[in-house]
Each structure stands twice: as structure tokens, then as C-alpha cells.
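A short write-up of the structure that comes next.
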Amino acid sequence: MIKVMVNGAHGRMGLTVVGAVLDEPELELAGAVDAIGADDVGELIGRKDVNIPIETALDRALETHQPDVMIDFTQPAVVFDNVMTALAHKVSPVVGTTGLSDEALEKIRAEAVKQATPAFIAPNFALGAVLMMKFATEAAKYFPDVEIIELHHDKKLDAPSGTAALTAKMINTVRAEHRQGHPNEVEKIDRVRGGESGGIRLHSVRLPGFVAHQEVIFGGLGQTLTIRHDSINRESFMPGVMLACKKVRSLTGLTVGLDKIL
Ligand code: NAP
């Protein structure tokens, strides 16, 4: 059995993850942590057979329960410290929280090596999203003109999404330096053409009703190609998260991206 602690257990993703860990025969829920404490996480997900409190001090919970893995679905502002705390306790982080900078990733990579404790981070745990990024990278070899639209629920704190940022990064590994749009275009409203990553325009939509969606639109002579992925509920991320929990201890250093363990 792999002992798993869930950090951010009171959140939208955290509660779904708690249910998925409880249903996974190879995993044992070894604790739950969140900025908001609770007497019993089982009560929050309608499971009378579970009686595990949500604690508020990560450090103490790691010492008390000594899990093998800490799943983190918290917030961009705190995820780096959470990961460093887990590694200091030689607990492997499996991270879904987005917003980590390249610099933060390098520090995590170094710490994982120093502590001889593998870490895993995925900007998107949905299999379909991983395929969307792979197909988009393939298409970009033939269609260098591309824009990305990501659409998420309005409680999301960071923009662009980690998936959109990673998609642009992957496309730019195969796409030659390329200027898009009219050279003399003028934005009459500030940033109406979206943000830019390596010459690719990114557009972030935030509205109630969405979960996590992305369109990668390619334009060519007389044609467009759209690759779209929709996570219609948070269950879509669970198989990926469970797989990462089972595999992380067999990795070395820091691994980024679900595609690396499929
Ligand atoms: P959420 O509902 O806001 O949940 C985050 C939870 O973490 C909240 O209960 C929050 O408490 C808690 N928290 C804040 N600071 C904390 C700390 N220092 N220690 C422990 N817990 C803390 O957000 P969500 O929708 O679940 O999303 C969480 C993250 O996962 C976001 O970054 C989102 O983009 C990402 N995400 C990733 C994937 C993926 O596949 N990789 C999929 C979906 C979402 P308060 O409310 O009191 O702040």
C-alpha cells in the first residue's frame, strides 16, 4: 500500500482526489491537510465509513503520518513552499497546482535530487489534454500560425492556465521563429489580442459553467484546424493523479508532464 496525504483536501480538486484515493485499492489515505480545517473529510464527501480530520499544519501532518506521497491541489501562491516542505520530509510530491515558474521548477528539481526523493508535476492530469498537446505539437510543424484559447471556471486564480503555457512551450520546440498577424495591427483596447508566449497568442476566458477547456487553432491558406479538449468534470483528472501516485517513487529527480509516465 502506498500512503498518500492530500494537501488542499477541502478544495474542489482536493475533495475529488480524496474520494479517488479512497476508491483505489493500492493507495491508503494517510491524512488530509488544507488551510481550512475540518473534523472529518468523510462527511464532506458523503462517506460515512471514513473518519479522517483535515489538519491545517502541513509540517506536523507530514511528521505524524509519514506518507510516501503528498498530492498537492492548493494555490499558486503556496505550492512551491508545500513541495519544498514535502521534499524536506522525504515525501514525494505529486503536484497538480498550476502557476509554478521555470525558476521554481529548477529549485524543486535540485531539491528532489538533494533529498533523493522523486517529485512529479503535471499541469494537466487529463489524458485527453495530454493528447491535445501532442497532436498540436505535430500540427505546428505544418501550420506555424496558431493561437490558443483556454476556458476555465471563474474561481481559477492564475492565467494563462498551466496547460496553455505548456502547449505554447511544446509548439515552440518545433515551430520556427515566426511573426503572426498584420505587422501594423493596432490594439484599440489594451491586450485585446491576448497575451503572448514566444510569439503565440494566448487567450484566457473565465466564466461560471466551465471546468477546464482548451482550443488550439491553426490557420493555413484557405483552411483552419482546431484541436479541442474539454474536461467536463474533475473526475477526468483522477486516473492521471492515481497513476502518478503509484509511479512517482520509481522515478528520479523531478518529472514534469503526464506523458512521461503513460
Ligand atoms: P480550490 O477549490 O481553491 O482549492 C484549493 C484549496 O487549497 C482550498 O481549500 C484552499 O483553501 C487550500 N489552500 C490554500 N492555501 C493552502 C495552504 N497553504 N495549505 C493547504 N491548503 C491550502 O482550487 P481547485 O479548483 O481545487 O484547484 C487547485 C489547483 O489545482 C489550482 O492551481 C488549479 O489550477 C489546479 N488544477 C490542476 C489540474 C491538473 O490537472 N493539473 C486540474 C484542475 C485544477 P482556501 O480556500 O482557504 O484558500
Check your understanding: So which residues in region 96-137 are touching an Asp or Glu at 6+ places or on another chain (Cβ under 9 Å) and without any contact (Cβ under 8 Å) to a residue 40 or more places away in the chain?
Key -> Thr117
Practice item. Report whether or not Gly194 is in contact with a His (Cβ under 6 Å, 6 or more places away or on another chain) and open to solvent by less than 50 Å² (accessible area, probe 1.4 Å). Key: yes
Revision key, fill the gap. Per the filter on region 220-239, residues open to solvent by less than 70 Å² (accessible area, probe 1.4 Å) and part of a helix (DSSP H, G or I) are Arg234, Ser236, Phe237, Met238
Review point. Inside region 158-179, can you point out the residues that are surrounded by 16 or more Cβ atoms within 10 Å (Cβ to Cβ) and in a loop (DSSP other than H, G, I, E, B)?
Key: Asp158, Ala159, Pro160, Ser161, Arg175
Revision key, fill the gap. Sole miss for Asp102 among (1) surrounded by fewer than 16 Cβ atoms within 10 Å (Cβ to Cβ); (2) modelled with pLDDT of 95 or more is condition (2)
Exercise for review: Would you mind telling me which numbered condition in (1) open to solvent by 60 Å² or more (accessible area, probe 1.4 Å); (2) within 22 Å of Lys260 (Cβ to Cβ) Lys155 fails?
Suggested key: (2)
Point to revise | Matching entry among Gly19, Gly37, Gly42 (being free of Cβ contacts under 8 Å to residues at least 40 places away in the same chain, over 19 Å from Val248 (Cα atoms) and away from the ligand (no atom under 16 Å from the Cβ)) | key: Gly42
Practice item. Look through Gly199, Gly162, Gly195 and report the one residue that is modelled with pLDDT under 95, touching a Ser or Thr at 6+ places or on another chain (Cβ under 9 Å) and in the same structural domain as Glu150 (by TED's automatic domain parsing). Key: Gly162
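The values are calculated or read from the model by the stated rules, or taken from the named source; none is laboratory data. Since we're looking at a predicted model, the values are computed, not measured. FYI the Cβ positions are ideal-geometry reconstructions off the backbone, even for glycines, and counts take in every protein chain you see. Just so you know, the surface numbers come from the protein's heavy atoms only, side chains and all, with ligands and any DNA or RNA stripped out. Shrake-Rupley method; radii C 1.70, N 1.55, O 1.52, S 1.80 Å.
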